[in-house]
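Below is one structure; the comments refer to it alone.
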Amino acid sequence: MRRFAILALFAAILACSPNSLSSQSAPYDVLVRNGTVLDGTGAPGVKADVAIAGARIVRVSPTPLSPADAKRVIDATGLVVSPGFIDLHVHLEPLMQLPGAESHVRQGVTFALGGPDGGGPWPLGAYMDKADRAGLGINVGYLTGHNIIRETVMGTENRAPTANELARMRRMVAQAMDEGAFGMSTGLRYIPGYYSNIDEVIALSEEAAKRGGIYTSHLREEGVGLLQGVGEALEIGRRAKIPVILTHHKAIGRQAWGKSVITLAMVDSARKAGTDVMIDQYPFTASYTSLNVLVPPWALAGGNAELKKRLDTPALKDSIYAGMMDLLMNDRGGGDISRVQFAIVAWDKSLQGKTLADWAVRRGLKPTPENAIPLILEGVLNGGAGMVYHVIEEADVKRIMAHPMTMIASDGRLTKLGEGVPHPRNYGTFPRVLGKYVREDHVLTLEQAIHKMTGMPAERLKLRDRGCLRTGCVADVTIFDPATVRDMGTFTDPHHYPVGIPWVLVNGEPVIANNVFTEARPGRVVRRPAPVRGQ
Ligand SMILES: [Zn+2]
């Protein structure tokens, strides 16, 4: 009796709501018919119709639902219906200029986690409020960045913090966490993160851990020092008792190739010993980062003015040159300056897409590492550049991808068509995994790949109603053709959107509709969910 009364009351409220007319004629806003549903858990696909009302999935039905019950019907015959992809490593700096995030939603990404590599906005809370008001085409969340915090407190000084400075950094991490950050990122290869020791990072990670956050590490070394870099991240996880992500995991340079056998074994044994560590990866054999990584970090302390002074001191200049030669031969240079490609160069756009070897030849020099060193320093003193480094081996890419703890993440930057010659991951990370690594190379099954793009990252962020496709989940949905989905950009011609992803829904609203970018802005800033009791 009582239940009936409540139901009747509920029906009366519904009837009085402003949506009553439409909800009587069509209870669903969107109905996706005849597709194969992959729910993001890794379970096999099932034929089912998916009904959406507002921003939620309200029904997943193996028996067909009536098109008459929906305002919009999407025919997904022959297509896969998946939770929208979650990208755990995104350079969202251009978000205010590119709020529609077309280069990301075209890949099927509906949630992008910003603030990687120790970067990101500060203060975070105010920025997130502003982003929310701007209206977004994608859902975003943030990590807070160690480098931003350290630089705010200590500049780019190459030393340990004082007790007061460390206390202030701890408060800043705590503040960002309380404002809704999902955790803390470090970029220990970059300035000024490189100047921190492990105890500093552990102290700050503890503040994130206390509040349910994660720790995402761009390792201190990914080349010759790769194993020490992984070891440090695992130790931070163990001592700070914080879930870890080894982000954009890879092995850089000849001497490190094949070392993923060892790093993955380190991950397995750390997990057995109780450290909650996962991995993310982009599916390419080239990295993208600054030109400055070809200069030893100690030489960059204090900025370009200090670098110039050091280069004017013969003994220091010799050390800088020796350090750069080592980096060119054994680390990001890959032993061959034609592996180092300019991507974004504010001071000479004609270099974009060309290599260090091309630049040397243009200057009338033999393309050798010796001749590249003064050119690199000239570029750094000009303000640096964004570079693509072709220094990763395919066997490591496949081995890391196949590991059960590896998720897919782009490390991509929101990109405007035609600007520079950026890394093609900005456009094609997720479709490349589905096209090349699932369909062509069989490194993953389709179900595994989708799990690595949806359920796994959602779980890592404790997002209970995203990365899933069942009743009650948020209607972030990506619909793709498993027979044709693929990336289209290359390293010399990157500005192409992928193909085979005709529909992408963010919070129930299409941002890609029948292959057309709709300019809709249903995205939100998502703050870290409050911990569930007992978790
Ligand atoms: Zn990074």
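For segment 276-313, what are the residues that are in contact (Cβ under 8 Å) with a residue 40 or more places away in the chain, closer than 28 Å to Met407 by Cα and either among the charged types (D, E, K, R) or part of a loop (DSSP other than H, G, I, E, B) (or both)?
Across segment 276-313, the qualifying residues are Asp280, Tyr282, Pro283, Phe284, Thr285, Ala286.
Of the residues Ile512, Ile501, which single one is touching a strand residue (DSSP E or B) at 6+ places or on another chain (Cβ under 6 Å) and part of a loop (DSSP other than H, G, I, E, B)?
Numbers: Ile512 fails: part of a loop (DSSP other than H, G, I, E, B).
After ruling out the rest, the residue left standing is Ile501.
So which residues in segment 333-371 are touching a residue at least 40 places away in the same chain (Cβ under 8 Å) and on the phi > 0 side of the Ramachandran plot?
Passing the criteria: Gly334, Gly335, Gly353.
Working carefully through the options Val37, Val90, find the one that is more than 30 Å from Thr289 (Cβ to Cβ) and at pLDDT 95 or above. Steps first, answer last, please.
Details: Val90 fails: more than 30 Å from Thr289 (Cβ to Cβ).
From the options Val37, Val90, the qualifying one is Val37.
So which of Trp257, Trp298 ends up being within 26 Å of Arg170 (Cα to Cα) and over 17 Å from the mean Cα position of the chain (by Cα)? Quick ask: steps written out before the conclusion?
Numbers: Trp257 fails: within 26 Å of Arg170 (Cα to Cα).
Trp298 is the lone residue from the list that is within 26 Å of Arg170 (Cα to Cα) and over 17 Å from the mean Cα position of the chain (by Cα).
What are the pairs, 6+ residues apart or on separate chains, where a residue within segment 40-55 that is not assigned by TED's automatic domain parsing to the domain that holds Val504 has its Cβ under 7 Å from a residue that is of a type in the set (Phe, Trp, Tyr) and assigned to a strand (DSSP E or B)?
Ala51/Tyr28; Ile52/Tyr28; Ala53/Tyr28
Between Arg464, Arg527, Arg521, which is in contact with a Leu (Cβ under 9 Å, 6 or more places away or on another chain) and surrounded by fewer than 20 Cβ atoms within 10 Å (Cβ to Cβ)?
Details: Arg464 fails: in contact with a Leu (Cβ under 9 Å, 6 or more places away or on another chain); Arg527 fails: in contact with a Leu (Cβ under 9 Å, 6 or more places away or on another chain).
The conditions single out Arg521.
Here's the yes/no breakdown for (1) within 16 Å of the ligand (Cβ to nearest atom); (2) part of a loop (DSSP other than H, G, I, E, B); (3) closer than 26 Å to Lys47 by Cα:
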site	(1), (2), (3)
Leu377	no, no, no
Lys416	no, yes, no
Asn426	yes, no, no
Glu459	no, no, yes
Asp465	no, yes, yes
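Going by the conditions given, is Leu469 modelled with pLDDT of 95 or more, in contact with a helix residue (DSSP H, G or I) (Cβ under 9 Å, 6 or more places away or on another chain), surrounded by 17 or more Cβ atoms within 10 Å (Cβ to Cβ) and not assigned by TED's automatic domain parsing to the domain that holds Ala343?
On the way: modelled with pLDDT of 95 or more: yes; in contact with a helix residue (DSSP H, G or I) (Cβ under 9 Å, 6 or more places away or on another chain): no; surrounded by 17 or more Cβ atoms within 10 Å (Cβ to Cβ): yes; not assigned by TED's automatic domain parsing to the domain that holds Ala343: yes.
Considered against the rule, which asks whether it is modelled with pLDDT of 95 or more, in contact with a helix residue (DSSP H, G or I) (Cβ under 9 Å, 6 or more places away or on another chain), surrounded by 17 or more Cβ atoms within 10 Å (Cβ to Cβ) and not assigned by TED's automatic domain parsing to the domain that holds Ala343, Leu469 comes out as no.
Pick from segment 227-264 the residues that are of a type in the set (A, V, I, L, M) and within 15 Å of the ligand (Cβ to nearest atom): which of them is nearest to Ile214 (Cα to Cα)? Spell out the reasoning first.
Initially, segment 227-264 is screened for residues of a type in the set (A, V, I, L, M), giving 227, 230, 233-234, 236, 240, 242, 244-246, 251-252, 256, 261-262, 264.
Now restrict to residues that are within 15 Å of the ligand (Cβ to nearest atom): 230, 233, 244-246, 251-252.
Working: Val230: 16, Ala233: 12, Val244: 6, Ile245: 8, Leu246: 11, Ala251: 23, Ile252: 25 Å.
Looking at residues that are of a type in the set (A, V, I, L, M) and within 15 Å of the ligand (Cβ to nearest atom), I get Val244.
Quick check on this structure: which one of Gly237, Gly231 is part of a helix (DSSP H, G or I) and either closer than 26 Å to Asn292 by Cα or at pLDDT below 95 (or both)?
Working: Gly237 fails: either closer than 26 Å to Asn292 by Cα or at pLDDT below 95 (or both).
The unique qualifying residue is Gly231.
Residues to consider are Ala181, Ala208; find the one that is buried (at least 24 other Cβ atoms within 10 Å of the Cβ), under 21 Å from the mean Cα position of the chain (by Cα) and in a loop (DSSP other than H, G, I, E, B).
On the way: Ala208 fails: in a loop (DSSP other than H, G, I, E, B).
Answer to the selection: Ala181.
Output the residues belonging to segment 253-275 that are assigned to a loop (DSSP other than H, G, I, E, B) and among the hydrophobic types (A, V, I, L, M, F, W, C). First the steps, then the outcome.
Step one: filter segment 253-275 for residues assigned to a loop (DSSP other than H, G, I, E, B), giving 253, 257-259, 273-275.
Passing the criteria: Trp257, Ala273.
Surrounded by 15 or more Cβ atoms within 10 Å (Cβ to Cβ), at pLDDT 95 or above, among the small types (Gly, Ala, Ser) and in contact with a Phe, Trp or Tyr (Cβ under 7 Å, 6 or more places away or on another chain), is that true of Ala53? Please lay out each step first, then the result.
Values: surrounded by 15 or more Cβ atoms within 10 Å (Cβ to Cβ): yes; at pLDDT 95 or above: yes; among the small types (Gly, Ala, Ser): yes; in contact with a Phe, Trp or Tyr (Cβ under 7 Å, 6 or more places away or on another chain): yes.
Considered against the rule, which asks whether it is surrounded by 15 or more Cβ atoms within 10 Å (Cβ to Cβ), at pLDDT 95 or above, among the small types (Gly, Ala, Ser) and in contact with a Phe, Trp or Tyr (Cβ under 7 Å, 6 or more places away or on another chain), Ala53 comes out as yes.
The values are calculated or read from the model by the stated rules, or taken from the named source; none is laboratory data. All values derive from a computational prediction rather than experimental measurement. Using ideal geometry, Cβ is built from the backbone for each residue, glycine included, and neighbour counts are taken over all protein chains shown.
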